[in-house]
Amino acid sequence: MKKITIFMLAITMSLMASAQFQLGHKLVDRDAAFEYAKTHKATPYVNNSKAAGATVVVNSNTGLTVNATITPNADCVKYFAVTAETGVMEAVAQYYGLTLPYTISYFGQELTGTQTVTLDGATPNNVSNTVYVLAVGSTSDSNVVTADYMSNYLGGTGTANITTVVSNVTSTTVDLSYTINDQTSYFYYLIAPKDTLVAYGMPTTADVITYLEGQDDRNYVDLAGTVGGQTPLTTGVKYVAYGFAYNKNEVLGTYTAPISFIPGVGIVGLNDVETLSSSVYPNPAKDQVTFTTSSKMNKVEIFNMVGQKVYENNVNGIATSVNVSNFNAGSYIAKIYTQSGVATQRLIVK
């Protein structure tokens, strides 16, 4: 399983003192990589007009990995190969003031001869990725060769699911894991102090989902690790762990309800269910009504007073509008299915 890394953005708790990123086959601490780059004594490969080169043929990809055949030319004594989302290697090089060849040599696998290799580090779900190859000659002359490809989708069109497990709560750390099913294409997660979430205007699960969807920092494989190993958690403060899974159609699936824990105390809210609130307005209505809930909706059904279903629609949000202009005047019952349960509202149509 991939090691959990949480970026220290506005409100997220970091597992590490410094952020990490994954490229190719290496999980790298950014600050450590920068220090390594500044002090590393290996030849700083540079592009030039020498003849070292290679051809790259992309055979297939799984979304997270790519299979490629790399054939060096006669002047290439070795080469480095890595895959990443298109533009990432260039962005890393620019960020740290490095050359692109040096960056590829650091992150890439060192190979010789014609090889059919599987490289990890791709971004899945129909995203442009690149195989980067640095061909190196006998005098350390080098040339960069690239081959672009579109990644395949992960998951399916069924119900995505993610299971969150919190365990081993100490005074400063907690173990955390996220496990997804085979229908999950990607997921989001967050660990933060409850008071901080409220202060940032995110008191409900629906608010957290909206925030994470806006950040769009997607994860694709099971995660497991220890939070607080280098940056200790605050003893006595209530934290909440969230995880939300989506299928390849970007539809939110099922998930473990938020888990609350307090360092130094333990788990204090396993599978907490928030108080579900809902509203409908205007009510009475003539043309259109809007339903809102505190938890993300899955579906809205409306029944007349004799129990006949007159409306049904799938929803993926905390608000939805319904045209009732063709409804007969009278009273109706609306059932609103959400991630936190089912809410019922009485609707009057004039």
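Each reported figure results from applying straightforward, stated rules to the coordinates on display, with no laboratory input. None of these values were measured; they are calculated from a predicted model. All Cβ positions, even for glycine, are placed from backbone atoms using ideal geometry, and neighbour counts span all protein chains on display.
Give the order of Thr292, Thr146 when sorted by the count of other beta carbons within 10 angstrom, beginning with the fewest.
With the sparsest Cβ surroundings first, the list reads Thr146, Thr292.
Beyond 20 Å, how much of the Cα-Cα pair distribution for the range 226-350 remains, as a whole percent?
Tail of P(r) above 20 Å: 55 percent of Cα pairs.
Rg and Dmax of the range 42-150 over Cα atoms: what are they, in angstrom?
13.0, 40
Over the Cα atoms of the range 278-349, what is the Rg over Rh ratio if Rh follows Kirkwood?
Over the Cα atoms of the range 278-349, Rg/Rh equals 0.93.
Fewest Cβ neighbours within 10 Å first, please rank Met297, Met202, Met305 accordingly.
Met305, Met202, Met297
Over the range 95-221, how many percent of alpha carbon pairs lie in each 5 Å bin up to the one with the longest distance?
2, 7, 12, 14, 14, 12, 12, 11, 8, 5, 3, 1, 0
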